[in-house]
1. May I ask you to list pairs of residues, at least six apart or on different chains, whose Cβ atoms are under 7 Å apart, with the first in the stretch 134-150 being in contact (Cβ under 8 Å) with a residue 60 or more places away in the chain and under 19 Å from Asn258 (Cα atoms) and the second being surrounded by 15 or more Cβ atoms within 10 Å (Cβ to Cβ) and among the β-branched types (Val, Ile, Thr)?
2. Look at the stretch 389-407 and say how many of its residues are surrounded by 13 or more Cβ atoms within 10 Å (Cβ to Cβ), modelled with pLDDT of 60 or more and more than 15 Å from Phe287 (Cβ to Cβ).
3. Within the stretch 38-72, count every residue that is touching a residue at least 24 places away in the same chain (Cβ under 8 Å) and outside any helix (DSSP H, G or I).
4. Can you tell me which residue within the stretch 181-196, out of those that are free of Cβ contacts under 8 Å to residues at least 40 places away in the same chain and open to solvent by 60 Å² or more (accessible area, probe 1.4 Å), is nearest to Ser86 (Cα to Cα)?
5. Among the listed residues Glu125, Glu177, Glu149, identify the single one that is open to solvent by 50 Å² or more (accessible area, probe 1.4 Å), modelled with pLDDT of 90 or more and over 27 Å from Tyr207 (Cβ atoms).
6. With the requirement that a residue be surrounded by 15 or more Cβ atoms within 10 Å (Cβ to Cβ) and free of Cβ contacts under 8 Å to residues at least 40 places away in the same chain, what does the stretch 286-315 give you?
7. Identify the residue in the stretch 241-285 that is within 19 Å of the chain's Cα centre (by Cα) and of a type in the set (A, V, I, L, M) and, among all such residues, is least open to solvent (accessible area, probe 1.4 Å).
8. Being in contact with a Lys or Arg (Cβ under 6 Å, 6 or more places away or on another chain) and open to solvent by less than 10 Å² (accessible area, probe 1.4 Å) is the filter; apply it to the stretch 213-237 and report the residue that is nearest to Leu52 (Cα to Cα).
Amino acid sequence: MELQEVLIAQPDDQKPRKFKKSEQEQLELINHYHKHFGSYVFFVAKILRIDLRKPGRKRQINGIVAGILFLIATYSICFNIKITFSTRHLSAELAAQLLIILWAVQSLISMGFLVYWQIYGHLSEFRIKLAQCQNLKGLESENGKKYVEVTTRCFFSAIFLTCSITAALATKYHLEEKHTEFQEKQSFIFVYPVLRPLYTLVTTYLYIVFNMTLFILIHYTNATMLEMRYFNEEISNFNGSGDGASEKLMEHLEVYSNLVTVIRHLDLIFRLYTFIMIVITIPSMIFTLMMMNHRIHSLFDLFLCMPTIGLCAFSFFAVTIAPARLHDEICRSKGFLCQNRSIWFPYRKEVYLIANTLCSHMEQFDLGVSVWGFALLSRPLILGTLSATAMMLSLLTELAPKAELLNETETANSLAVNALTSFGESEATTTLLLFSPDPSPEDSRTPSEAPDPSPLPSPDASTTGLSPEDSPDPSPDASTIGFSPEDSPDPSPDDSTTSRLARR
């Protein structure tokens, strides 16, 4: 009841508070701090025909152009997925192809979110709500100007590097005389190989849109963080022992309530996008590290892989660092309030009750940009994600066969195949020799060598000079050879030999 009496005791005819301004003044403030809300990003969006903020004829034309490019990009991704899984790759090449596909999917999803935010006016609504809190005083600080300058430079640097890398890869492809099987299939993505540069243009367009969406997330999250930091500084410097402390503290309570509304609206805008980006980024990091493990063997290899490593690290930290800073500023608010001794001492009933109410409002631990409501993007989450990625990489590295073992296995398999082939041929030759009928010398002669069919005169004793008793017997018997008829060898192989050869 005491707190209720304190709140009711406020006069109804009090003047409007100094942080309240008209809608026209708020729009002027928003236009004045346009850099903090990504004005350079939307300047690039106008060039790429994806600026859909203002209704009219330009919006219709830009929507048609963006829709056609979206369909072409979807077709190119599906075509790449098809030829990737229909072509044999080494582990490093497969990781690289899957990484390119994941980047393209990220870019396509980012393009869809960017169009959705502009059409339904979520970004403009957020700007108006943020301007109603403290008249954007947090953006006037030196930190605010520094953040805008650094973010703008990083945005144009990212676009320049993206265009340079895609142009270098396209030039390398056209200068090469021989291409891989995957590249040969990819050249027919638009039926004719002459149209392959169109694929490079669509890929560059997607990567630029991906950077634009990421930097919109960074700009709007940084603007909220700067406003929260300004509020914390006001609480830290608040003089609770002066005159009108209770009224000023009530103003801070209202400002904090408005900031909570803005932060929850920011979460509603970006929660699903951050969830999808993190879900895709973690496999991208694993594939990047796998590719590094297989390809990097010298400093030159590391230099060649640096664009891939940089893009993967950028896509992860761009999604997580800015929301983590906002979460840190939200968590510091209660500490600044409790550390201000002028609010709590000496004890004053009204000031104490309002401060206690504000302290209870600051115990909303779910404030911040979440991963679709599962967890808040914070520094512990970044550390846990990196740890889980390293664990998965170590597991895949241990389970994956080494390159030396693969070469040794392939060599052993080829030797075994050759040995089995030669062994099979020798066994087949032996079997044929054993089971084929033995041709007689007469059958093997040619017709020219055939003997005369006229019988030859048999030699008599007078011719040979031998008596009839001394003439040799033409057919030797067993006694002549030296063993009995029972010991004579069987010309046909026995059953054991036949069965053994049949088994072979």
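The values are calculated or read from the model by the stated rules, or taken from the named source; none is laboratory data. All values derive from a computational prediction rather than experimental measurement. Positions of Cβ are generated from backbone atoms using ideal geometry, with glycine treated the same way; all protein chains shown enter the neighbour counts. These accessible areas exclude ligands, DNA and RNA; they are computed on the full protein's heavy atoms, side chains included. Shrake-Rupley method; radii C 1.70, N 1.55, O 1.52, S 1.80 Å.
1. Gln134/Val255
2. Count: 0.
3. Residues flagged as touching a residue at least 24 places away in the same chain (Cβ under 8 Å) and outside any helix (DSSP H, G or I) within the stretch 38-72 amount to 6.
4. Selected residue: Glu184.
5. On inspection, the qualifying residue turns out to be Glu125.
6. Of the stretch 286-315, the ones surrounded by 15 or more Cβ atoms within 10 Å (Cβ to Cβ) are 286-296, 305, 307-309, 311-312, 314-315.
Scanning the stretch 286-315 gives Met292, Ile296, Cys305, Ile309.
7. Just the residues of the stretch 241-285 that are within 19 Å of the chain's Cα centre (by Cα), to begin with: 272-285.
Now drop any that are not of a type in the set (A, V, I, L, M), which leaves 272, 276-280, 282, 285.
Details: Leu272: 62, Ile276: 40, Met277: 1, Ile278: 21, Val279: 76, Ile280: 21, Ile282: 55, Met285: 28 Å².
So the residue we want is Met277.
8. The selected residue is Met225.
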